[in-house]
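Remarks on the structure that follows.
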């Protein structure tokens with residue numbers, strides 16, 4: 001078991017797990033917005049998007 005003094009400090013104060021979760025959230029948001037734009041512009045049929 002590690003103690004807090006043994007864990008490496010992140011430069012921005014955000015743990016690596018939380019930073020990864022933020023990246024996944026933003027990736028999902030961008031993909032959703034791209035799909036929305038494609039459907040609304042008519043380039044992608046709406047029935048293909050679940």
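Here residue 21 meets each of (1) in a helix (DSSP H, G or I); (2) surrounded by 10 or more Cβ atoms within 10 Å (Cβ to Cβ); (3) modelled with pLDDT of 85 or more with one exception, condition (3).
Of all residues in the range 38-50, those that are on the phi < 0 side of the Ramachandran plot and assigned to a helix (DSSP H, G or I) have Cβ atoms under 7 Å from Cβ atoms of residues that are surrounded by 10 or more Cβ atoms within 10 Å (Cβ to Cβ) and at pLDDT below 90, 6 or more apart or on another chain, in 38/44; 39/46; 39/49.
The values are calculated or read from the model by the stated rules, or taken from the named source; none is laboratory data. Just so it is clear, the structure is predicted and the values come from calculations on it, not from any experiment. Please note: Cβ atoms are built from the backbone with ideal geometry, for glycine as well, and neighbour counts cover all protein chains shown.
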